[in-house]
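Undergrad: I'd like to ask some things about the structure below.
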Amino acid sequence: MSVNPSARRRLTLLFAAALACLPAIAGERAPERITPLLLSIQVAPIPVAGSDGQTHLVYELWIDNFSSAESVVEKIEVLAGDRVLHTLDGDALAGRLRPGGQNIAGASLAKSTLNFAAMHLSLPRGANVPRRLSHRVTGKVRAAPPGQQQIVQTGAEVAVENREAVVIGPPLRGERYIAADSCCDAVRHTRAALPVNGRIRLAQRFAVDWEQLDAQGRIYNGPQKTLTSYTIFGQPVLAVADARVVSVVDGLPEQTPGTYPENIAIEDADGNSVVLDLGGGRHALYAHMQPGSIAVKPGERVRRGQVLGRVGNSGNSVAPHLHFHVMDGPSPLDSNGLPYRIDTFWVSGNAPSTDAFDDAEAKGTPLAVIPVTPPRQVSRSLPMDQLIVRFGP
């Protein structure tokens, strides 16, 4: 009897599969071990070029403490095959790990809780981006029997997304803008995980709060509670690309600067806002604009550089600023944040730290800027946290 080549290949594969099952048929079983810390990645990282010349991967490692007592994470290692790319331990680890739904950082995981570590991996200029990552967690599980509490678990394998971050224009024009709470370690944005419509979302993963200094380095000059004291108040907000307007919120009142507003409804948190469809599954959010200043309507097509509205202090805002981020859907909350690159800008300085910026914002005192002289032109990059930049020649 003759067998055609296609049938022969199928028989060969079936025979190989049967051989692979022989140990189980003979009574052998694959090893089984209790893994009280369940590791997972919900959103794969996308590489993005930063203004510091490095490539950045920003994502979350979720750790479910599936045990009846506290567990402690002592170290997290990011692996590419057998190679350790990055290690988190000590204070750096404690500052990045927190339970879902809480704003409390620490390396201890309460029993039966879902937690996440805000991961940030930076690679030198020209380095190859790994195709896959995995994670090794070293820690202590107090619910385990004596002598078995110290554990090392490897898991949470993920394929790095092979797509480029979108290139856009600037959302503002002028100079002395501060990229506050920008990529890649800013707590306010990179830890803002929310449960929305049955899924965990982090729309603000790459968000920036743009503020502006005056010629004397002050965020505001005059009474703190007066909107017009702020340098950025009223600045035109610009379309970053040729795009379609998806949604507009307008008519919400300005908040009083210097004090966080209370009882803001979740749907009003962004204040007066615009969402643009940039194409390719990418959307841009502009938030906290002046009431009555928005000059576009849903469904309208806009051109890059077109004025959308003006910077204000509406919604959940403590001072006039422009909140901007790119996301994978039209909803400011029910989406995940995506990296992006601004095609051209100039770096004129750096703020010393987030604490220094917060102090200058609270007191109206000059920010001690570390100057970059002459200003450094940057192309097709994401502005890093606390940069002072100029948009336009």
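Undergrad: With runs of 4+ DSSP H residues as the only contributors, calculate the mean residue ellipticity of the chain at 222 nm using -39,500 (n - 2.57) per run, divided by the residue total and rounded to the nearest 500.
TA: Dividing the helical sum by the residues of the chain leaves -3000 deg cm²/dmol.
Undergrad: Assigning unit charges at the beta carbon (Lys, Arg +1; Asp, Glu -1) and nothing else, what dipole magnitude in debye, to the nearest 20, does segment 166-391 show about its Cα centre?
TA: 660
Undergrad: Lys and Arg at +1, Asp and Glu at -1: add these up for the other residues within a Cβ distance under 14 Å of D181 and post the number.
TA: -4
Undergrad: Count neighbours as other Cβ atoms within 10 Å of each site's Cβ, and list the GluC sites (Glu not before Pro) in segment 225-295 that are DSSP loop with at most 13 such neighbours.
TA: Sites meeting the loop and neighbour criteria: E262.
Undergrad: Also, I was wondering about something else. Once a ≥ b ≥ c are taken as the square roots of the eigenvalues of the Cα gyration tensor of segment 231-376, is the result rounded (a/c under 1.5), prolate (a/b larger than b/c) or oblate (a/b not larger than b/c)?
TA: Since a/c reaches 1.5 but b/c is at least a/b, the shape of segment 231-376 is classed as oblate.
Undergrad: Report, for the chain, the % of DSSP beta bridges that are antiparallel, rounded to 5.
TA: 95
Undergrad: In addition: How charged is the neighbourhood of D385? Take every other residue with its Cβ under 9 Å from the Cβ of D385, and add Lys/Arg as +1 and Asp/Glu as -1.
TA: With Lys, Arg at +1 and Asp, Glu at -1, the neighbours total -2.
Undergrad: Among rounded, prolate and oblate, which fits segment 64-201 when a ≥ b ≥ c are the square roots of the eigenvalues of its C-alpha gyration tensor, a/c under 1.5 means rounded, and a/b larger than b/c means prolate?
TA: Prolate, since a/c reaches 1.5 and a/b exceeds b/c.
Undergrad: Let me ask something else. So how tilted is helix 354-363 from the main axis of the chain? Cα-based, degrees 0 to 90, rounded to 10.
TA: Here the helix axis deviates by roughly 30 degrees.
Undergrad: Tell me which of H135, G234, A69 sits at the most positive position along the dipole axis of the chain, charges placed on C-beta atoms (Lys, Arg +1; Asp, Glu -1).
TA: Of the options given, the answer is H135.
Undergrad: Mind giving me the nanometre distance, one decimal, between the label points for T228 and D343, set 7 Å out from Cα along Cα→Cβ?
TA: Calculated label separation equals 3.6 nm.
Undergrad: Let me ask you something else. First check a/c for segment 312-376, with a ≥ b ≥ c the square roots of the eigenvalues of its C-alpha gyration tensor; if it is under 1.5, answer rounded, and if not, answer prolate when a/b is larger than b/c or oblate otherwise.
TA: Here segment 312-376 falls in the oblate category.
Undergrad: Let me ask something additional. Which option, (i) 1.00; (ii) 1.10; (iii) 1.16, is the value of Cα Rg over 2.2 N^0.38 Å that was calculated from these coordinates?
TA: Read-out taken from this structure: (iii).
Undergrad: For segment 306-393, what is the charge dipole size about the Cα centre, in debye to the nearest 20, if Lys and Arg each add +1 at the Cβ and Asp and Glu each add -1 at the Cβ?
TA: Using Cβ point charges on Lys, Arg, Asp and Glu, segment 306-393 gives about 400 debye.
Undergrad: Where does each of 177-186, 68-77, 237-246 land if you order them by average Cβ count within 10 Å, highest first?
TA: Output ranking for 177-186, 68-77, 237-246: 177-186, 237-246, 68-77.
Undergrad: Taking the Cβ of G258 as the centre, find all other residues whose Cβ is under 11 Å away and add up their charges (Lys, Arg: +1; Asp, Glu: -1).
TA: Combined, the nearby Lys, Arg, Asp and Glu give +1.
Undergrad: Multiply the residue separation of E175 and R142 by 0.36 nm, subtract the distance between their alpha-carbon atoms, and state the gained length in nm to one decimal.
TA: Result for the pair: 6.5 nm of gain on full extension.
Undergrad: Next question, about the same structure. With each pseudo-label sitting 7 Å past Cα toward Cβ, what's the K75-A215 distance in nm, one decimal?
TA: 5.5
Undergrad: Considering only DSSP states other than H, G, I, E and B, which trypsin sites (Lys or Arg not before Pro) in segment 287-345 qualify as loop sites with at most 11 other Cβ atoms within 10 Å?
TA: R303
Undergrad: Additional query: Pop a pseudo-label 7 angstrom from the Cα along the beta-carbon direction at both Q377 and Q306 and give the gap in nm to one decimal.
TA: Those two pseudo-labels are separated by 2.9 nm.
Undergrad: Report the number of Lys pairs in the chain whose alpha-carbons are under 25 Å apart, with separation of 8 or more residues or on distinct chains.
TA: 4
Each reported figure results from applying straightforward, stated rules to the coordinates on display, with no laboratory input. Given the structure is predicted, the values throughout are model-derived calculations rather than measurements. Cβ coordinates were reconstructed from backbone atoms using ideal geometry, including for glycine residues, and neighbour counts include every protein chain displayed.
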